[in-house]
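The next block holds one structure in the form of structure tokens; read it before the comments.
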Number of protein chains: 2
Amino acid sequence: MENIDEVKILFRAFLDEKGQRKTPERFAILEQIYDLTDHFDVEFLFLKMKNKNYRVSRATVYNTLDLLIECGLVVKHQFGTLTALYEKSYGYKQHDHLICRKCNKIFEFCDPRIQQIQSTMGKLLKFKVEQHSLMLYGDPEVDIDSKCLRCQLTIN
Amino acid sequence: MENIDEVKILFRAFLDEKGQRKTPERFAILEQIYDLTDHFDVEFLFLKMKNKNYRVSRATVYNTLDLLIECGLVVKHQFGTLTALYEKSYGYKQHDHLICRKCNKIFEFCDPRIQQIQSTMGKLLKFKVEQHSLMLYGDPEVDIDSKCLRCQLTIN
DNA sequence: CTCGGTGCAAAGCTTTTGCATCCGC
DNA sequence: GCGGATGCAAAAGCTTTGCACCGAG
């Protein structure tokens, strides 16, 4: 992660502004999140840090994630499963997700029309819309042997 | 609910086709869901039925909801909270949701551009997209006394 | 030194599962 | 009557909370 320092500076500024302490745990969590490239859940992050011999608790992970979400460095997703997934968001252009109903893989995409919908509906309903979440769910196209073109799994 | 009979016929046909039993509990749950006009969670539905002296268990509610979702009579939402919310979907045009970040009220809207995004991205990523979920999150416009124009709550 | 933040474990909530009983077919 | 569906309660899984201790300011 080349811009990890930039991200830490932003987090530091946010904590300052909120009168929150700048603890080593918070920066360690931020660092480990920005080391990941994919979506992750709390348990995954917690274990990743345990394995690296960080001394952190789940409680602190949850607490820090809330802070990171509040300052926009992380986004939280509920992809229809029980467990929430998180994702770093600095330096990443806003994107949405397509979820495969066969293998649950997640694909990312962008479409500028979402911004238009957002602004149209904001005006109509009298809201300042500042965030959105669009998920598409679908079945993959398959080849003649019923194998998914993307993950090679054979579909029923 | 004027079209409850229609809905029951659809459910019956679906159960037939799947070789599933047509138990009174399943139809009672369907009936109670279609009696509701708003989003609801499992506990709310379960208690509503308990209060009306139906003899149902949470397990059956969950099981039946899965069936109703599968046949398209109910949709499930995860609005970023722990608890899933459900909603009847027959005779309702497909719509999406705007969630107020101040009071958590949910507003519904439609925008045909979502269908276009769905079909564009389906083609691009080689998926048959058959479902989507779009949520907009925002703050309400307020009057000069900082009172929300919609729910009259005073916003910090 | 103070008091907010942390680790740990227990509690809380939603959802799932196991099992004996029931009843649709 | 058979086997799937149900009710109940216990278990499982994710998240939050309580409390004593620690360490940032």
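Would you please classify the overall shape of the range B:1-64 from the alpha carbon gyration tensor, given that a ≥ b ≥ c denote the square roots of the eigenvalues, rounded means a/c under 1.5, and beyond that prolate means a/b larger than b/c while oblate covers the rest?
On the way: a/c = 2.02, a/b = 1.33, b/c = 1.52.
Here the range B:1-64 falls in the oblate category.
How much mean residue ellipticity at 222 nm does chain A get from its helices, if each DSSP H run of length 4 or more adds -39500 (n - 2.57) and you divide by all residues, to the nearest 500 deg cm²/dmol? Kindly include the intermediate steps, with their values, before the conclusion.
On the way: 5 runs with 63 residues, N = 156.
Dividing the helical sum by the residues of chain A leaves -12500 deg cm²/dmol.
Along Cα→Cβ at 7 Å, what distances in nm separate the A:Phe44 label point from those on the other copies, shortest first?
With the label placed 7 Å along Cα→Cβ, A:Phe44 yields 3.1 nm.
Roughly how compact is the range B:8-113, stated as its Cα Rg over 2.2 N^0.38 Å to two decimals?
Values: Rg = 14.7 Å, N = 106, 2.2 N^0.38 = 12.9 Å.
That ratio works out to 1.13.
Angle, helix A:113-125 long axis vs. longest principal axis of chain A, Cα atoms, 0 to 90°, nearest 10?
The helix A:113-125 is inclined about 70 degrees to chain A.
Give a residue-ordered list of calculated ³J(HN,Hα) values for the range A:10-27 (Karplus: 6.51 cos²θ - 1.76 cosθ + 1.60, θ = phi - 60°; whole Hz; x for Gly, Pro).
4, 5, 4, 4, 5, 5, 3, 4, 8, x, 9, 6, 9, 7, x, 4, 4, 6
Scan around B:Gln131 for amide H atoms under 5 Å from its own, H built in the peptide plane at 1.01 Å from N, and keep only partners 5 or more places away or cross-chain.
Residues meeting the criterion, in which the H sits 1.01 Å from N, are A:Tyr137.
Mind checking which of B:Ser119, B:Ser133, B:Ser57 has the largest fluctuation in a GNM of chain B, springs on alpha carbons under 10 Å?
Evaluated over chain B, the most mobile residue of the options is B:Ser119.
Given H placed on each backbone N at 1.01 Å, which residues far from A:Ser89 in sequence or on other chains put an amide H within less than 5 Å of it?
A:Val74, A:Val75
Shortest first, in nm, what separates the label point of B:Gln20 from those of the same position in the other copies (7 Å along Cα→Cβ)?
Ordered by distance, the counterparts are at 4.4 nm.
Send over the Kirkwood Rh of the range A:65-156, from the inverse of the averaged 1/r over different Cα pairs, rounded to one decimal Å. Write down the numbers at each step before the final one.
Values: mean 1/r = 0.0645 Å⁻¹.
Answer for the range A:65-156: a Kirkwood hydrodynamic radius of 15.5 Å.
Would you kindly derive the ³J(HN,Hα) couplings of the range B:28-34 from the backbone phi angles with the Karplus curve 6.51 cos²θ - 1.76 cosθ + 1.60 (θ = phi - 60°), listing them in order in whole Hz, with x for Gly and Pro?
Going residue by residue, I get 5, 5, 4, 4, 5, 5, 6 Hz, with x marking Gly and Pro.
Explain nothing, just the number: dipole magnitude of chain A about its Cα centre with +1 on each Lys and Arg Cβ and -1 on each Asp and Glu Cβ, in debye rounded to the nearest 20.
460
Pairs of Cα atoms under 8 Å, at least six residues apart: use those to get the relative contact order of chain B, whole percent. Intermediate values should be presented prior to the final figure.
Values: 151 pairs, mean separation 23.2, N = 156.
For chain B, the relative contact order is 15 percent.
Can you tell me the equivalent ellipsoid semi-axes for the protein assembly as shown? Use √(5λ) from the Cα gyration tensor, largest first, whole Å. Before the final figure, lay out each step's value.
Working: eigenvalues 262, 135, 95 Å².
Semi-axes, largest first: 36, 26, 22 Å.
Values quoted throughout were computed directly from the atomic coordinates according to the rules given, and no laboratory measurement underlies them. Because the structure is a prediction, the values reported are computed rather than measured. No Cβ is skipped: glycine too gets one built from the backbone with ideal geometry, and neighbour counts run over all protein chains shown.
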